[in-house]
Amino acid sequence: MIRPVPNGVYPTMITPYTDNNEIDYNAVLQILQWYTEKGVTAVFAICQSSEIFFLSFEERLELLRFIMRNKPAGMTVVASGNTSADPDTILREAEAFIETGIDGYVFIANRFAAEDEPDEVLAKRMLDMADRLPQIPLGVYECPYPYKRVLTPDVLHKLSSNEKFCFLKDTCCDIGMIEKKLEAAKNGNLKIFNANSATLLPSLKLGCAGFSGVMANFHPELYVKLCSCFAGEPEKARRIQDLIGTLSMAECQCYPVNAKYYLSLEGLTINTFSRSRSGADFGPSRKAEIEEMRAVTKLFEETLL
């Protein structure tokens, strides 16, 4: 019997580095604790925000092992990491990640089919891989890199016929499509977690299970509050939605450098170095924007929450 993952907020966990370009495990500990202090009870680790396409397999595995050894009590951890498109490599690496004790393993959709291959191929390969893996909740991430493969409702319906599939990190950014996906998956264990801040509230009202996106690395407490209050406090939920939708434009700024800078403003000892994004893109005006975002967040929390 597969136990589905819980509803809620799943930040896409970032990877901090030392000045020597090694994973900064002291900062990883601080990030885990910061998530907990903000009310987050789950994380999506070893994902694109973690810069997995710029980490070796050994780095990805050791980072996940460290997270599992040091995660706060009761925290749910789902993880991805399959950067290869080779099925045997996907299987071997997935088995290693699963052995760390994670609560769910998440497939990266674009690693299972090339851009010009049909959906039938994509669905079959993911279902075949699911059959080869242990009894553990599985998920799918519509990762934008190296190309964005959004699951159609038909593919989602096929996957939801397998009880292992319990998690979708949805990046379609289209509330109409999300509604169709929810309908397609309604008879299985599969839950949809919206990654798009601007459509979060209407998606929760339709039945999405929560949020899993990059903006939970800035102010996850707002997402936690929205997911908990949207049904019973509609006016408060609308106000939160208006703010997070506006502030989510930071996704297009200089991520994940800007998220690391935000965390430093929160008191974490973390630098802004990134393997996936040049710090040269994060100039003084960009820093000022993040500082002002944090100030607005704090003012909102003090006056409206």
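The values are calculated or read from the model by the stated rules, or taken from the named source; none is laboratory data. In this text, all values refer to a predicted model and were calculated from it rather than measured experimentally. Ideal geometry is used to build each Cβ from the backbone, glycine not excepted, and the neighbour counts take in all protein chains shown.
Name every residue in the range 207-238 that is free of Cβ contacts under 8 Å to residues at least 40 places away in the same chain and touching a Ser or Thr at 6+ places or on another chain (Cβ under 7 Å), in order of residue number. Within the range 207-238, just Met215 meets the criteria. Return the residues of the range 211-267 that are hydroxyl-bearing (Ser, Thr, Tyr) and part of a loop (DSSP other than H, G, I, E, B); say none if nothing qualifies. Within the range 211-267, Ser212, Tyr255 meet the criteria.
In summary, Gly101 fulfils each of the numbered conditions (1) over 24 Å from Ala195 (Cα atoms); (2) buried (at least 18 other Cβ atoms within 10 Å of the Cβ) with the single exception of condition (2). Of all residues in the range 275-285, those satisfying the criterion of being over 21 Å from the mean Cα position of the chain (by Cα) and surrounded by fewer than 16 Cβ atoms within 10 Å (Cβ to Cβ) are Ser278, Gly279, Ala280, Asp281, Gly283, Pro284, Ser285.
Summed over the range 39-66, residues that are farther than 23 Å from Glu251 by Cα and under 15 Å from the mean Cα position of the chain (by Cα) total 1.
Quick check on my filter: what residues within the range 157-204 are among the aliphatic types (A, V, I, L, M), within 21 Å of Asp103 (Cβ to Cβ) and not in a loop (DSSP other than H, G, I, E, B)? Those that are among the aliphatic types (A, V, I, L, M), within 21 Å of Asp103 (Cβ to Cβ) and not in a loop (DSSP other than H, G, I, E, B): Leu159, Leu168, Ile192.
For the range 45-66, state whether one or more residues are more than 21 Å from Tyr10 (Cα to Cα), crowded, with 21+ Cβ neighbours inside 10 Å and at pLDDT 95 or above. No - not one qualifying residue is present in the range 45-66. Has the range 229-244 got at least one residue that is polar (S, T, N, Q) and more than 27 Å from Lys181 (Cβ to Cβ)? No, the conditions are met nowhere in the range 229-244.
Conditions tested, residue by residue: (1) within 17 Å of Asn7 (Cβ to Cβ); (2) surrounded by fewer than 23 Cβ atoms within 10 Å (Cβ to Cβ); (3) in contact with a Gly (Cβ under 9 Å, 6 or more places away or on another chain).
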residue	(1), (2), (3)
Cys166	yes, no, yes
Gly188	yes, yes, no
Ser197	no, no, yes
His219	no, no, no
Lys225	yes, yes, yes
Glu251	no, yes, yes
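Here Thr297, Thr272 are screened, and the one residue that is polar (S, T, N, Q), surrounded by fewer than 20 Cβ atoms within 10 Å (Cβ to Cβ) and in contact (Cβ under 8 Å) with a residue 12 or more places away in the chain is Thr297. The residues of the range 260-281 that are at pLDDT 95 or above and hydrophobic (A, V, I, L, M, F, W, C), listed by number, are Leu263, Leu265, Leu268, Ile270, Phe273.
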